[in-house]
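Peer 1: Sending over a structure as structure tokens; questions will come in a sec.
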Amino acid sequence: MTHCQYQSDTGTIDLMVSDDWEDVKDESGKDAKPVPGIGDEANIDAMGLRVRKGTHGMEINASGPSGDYSGAAADAQDELSTKFEIKTAKALVDRL
């Protein structure tokens, strides 16, 4: 498994890639929801987005700048993170 983390003052992206989907799939929580249109299989939950293509898998977790978020600000941050995780997965899935 390969693990990379990219940080800036606007947020963090954490990316794990494995040639064994089972390594990545095991990170899925019980509340994971399917995400159609990415790879052969994809699901997302609070811990990030997991994508399978063939026997390979990747997990992406994006977060905004450090801080305490609540209410509408927390919801907006979660929505932005989800959008970025999906955009990143679509850009990388063909490289798996």
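The values are calculated or read from the model by the stated rules, or taken from the named source; none is laboratory data. Because the structure is predicted, anything quoted here is derived from the model rather than measured. Virtual Cβ from ideal backbone geometry, glycine too; neighbours counted across all protein chains shown.
Peer 1: Could you tell me how many of the residues in region 1-23 are in contact with a Ser or Thr (Cβ under 8 Å, 6 or more places away or on another chain), part of a loop (DSSP other than H, G, I, E, B) and over 15 Å from VAL93 (Cβ atoms)?
Peer 2: 2
Peer 1: Still on this structure, please answer the following. Considering only region 56-96, state which residues are closer than 16 Å to VAL17 by Cα and touching a strand residue (DSSP E or B) at 6+ places or on another chain (Cβ under 6 Å).
Peer 2: If the condition is that a residue be closer than 16 Å to VAL17 by Cα and touching a strand residue (DSSP E or B) at 6+ places or on another chain (Cβ under 6 Å), then GLY57, MET58, GLU59, ILE60, ASN61, ALA62, GLU85, THR88, ALA89, VAL93, LEU96 are the ones that fit.
Peer 1: Can you give me the number of residues within region 1-55 that are closer than 15 Å to LYS87 by Cα and out of contact with any strand residue (DSSP E or B) (no Cβ under 7 Å at 6 or more places or on another chain)?
Peer 2: Final tally of qualifying residues: 2.
Peer 1: Provide a single number: the residues in region 1-44 that are at pLDDT 90 or above, under 20 Å from GLU79 (Cβ atoms) and of a type in the set (D, E, K, R).
Peer 2: Of the residues in region 1-44, 2 are at pLDDT 90 or above, under 20 Å from GLU79 (Cβ atoms) and of a type in the set (D, E, K, R).
Peer 1: Just to be sure, is SER81 at pLDDT below 95 and within 12 Å of the chain's Cα centre (by Cα)?
Peer 2: Details: at pLDDT below 95: yes; within 12 Å of the chain's Cα centre (by Cα): yes.
Yes; evaluated as a whole, the condition is true for this residue.
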